[in-house]
Amino acid sequence: MNKIIVFVLAIMFVNLIFGFQPKTQFNSYKSKNFLIKYERSISSPAVKSIASDLELQFKEWTKRLNLTPNKLPVEVRIYKTEKKYIQESQSTLKEEGTYSNGIIFLSAPSKLDEKGMRVNIVSRVVALSILSAANDNGCPRWLSEAYGIYAGGDLEKYGTPTILRAISFLDFQQEINQAKREKDLVYLYSKLSQVMKFLVDRYGKQKVDSIFIGFDGIKTVEQVFEETLSEKYDKIEMAWNEAVKNRKSKR
């Protein structure tokens, strides 16, 4: 037994000295603001094309939101198959891209192109990576996720909620914390899409874009909304509730 242990330790020592390491399944590519790790079977030109899209959207959303992620470069992981992507990202939604724990996860470029959602998905995950700076300063996740839906051009993607009760915006945080199943998250996103439509229609995209820079680690959601949207918070929620009632009456 002792001889076996000595042999194993000797092998480990040789590997350490001579740098013998098992081949990693990932290659990497660095662009200005992103560190992209991708499975070896994905072509380099395809990765560079994705990098170009990421940088284009980064420029767009940093300008509009007046924010940058606290940690650069942003890590991106690209997987060859949808199965591997879902397994590694642990995304509740069976989509081709997600942002989680500071990392952008993407399915294969061919899969993004196949479904015609490449621009939407890249735009959404990049916006969410930038909004992480606001999350670090107290912006609730429901609000950044709602904006991510908007940034990805996905306001119609999740359908119209069959039931939309007039509730406080703050209740959405509890809902997003409790949404563990895909159908629950899809239903929540359908409601958050309605919130974004309301905010943009009532206050305009410029003011909505400006909400997130208002979070400084001290101000509450109510304070940020009042300062950015130039209206008392109770009136904002009253207008939201009225919009919900009008929606019901039109059905």
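Brief remarks on what is shown
- Which listed residue, of Val125, Val186, is hydrophobic (A, V, I, L, M, F, W, C) and either in contact with a strand residue (DSSP E or B) (Cβ under 7 Å, 6 or more places away or on another chain) or at positive phi (or both): Val125
- Selection status of Ile130, in a helix (DSSP H, G or I), modelled with pLDDT of 90 or more and not basic (Lys, Arg): yes
- Filter result for the condition that a residue is outside the structural domain of Glu182 (by TED's automatic domain parsing) and crowded, with 20+ Cβ neighbours inside 10 Å, over Gly148, Gly97: Gly97
- Flag if Thr160 is modelled with pLDDT under 95, surrounded by fewer than 21 Cβ atoms within 10 Å (Cβ to Cβ), within 26 Å of Val221 (Cβ to Cβ) and β-branched (Val, Ile, Thr): yes
- Candidate set from the range 50-88 (those that are polar (S, T, N, Q) and modelled with pLDDT of 95 or more); member that is nearest to Thr228 (Cα to Cα): Asn66
The values are calculated or read from the model by the stated rules, or taken from the named source; none is laboratory data. Quantities reported herein were computed from a predicted structural model and do not represent experimental measurements. FYI the Cβ positions are ideal-geometry reconstructions off the backbone, even for glycines, and counts take in every protein chain you see.
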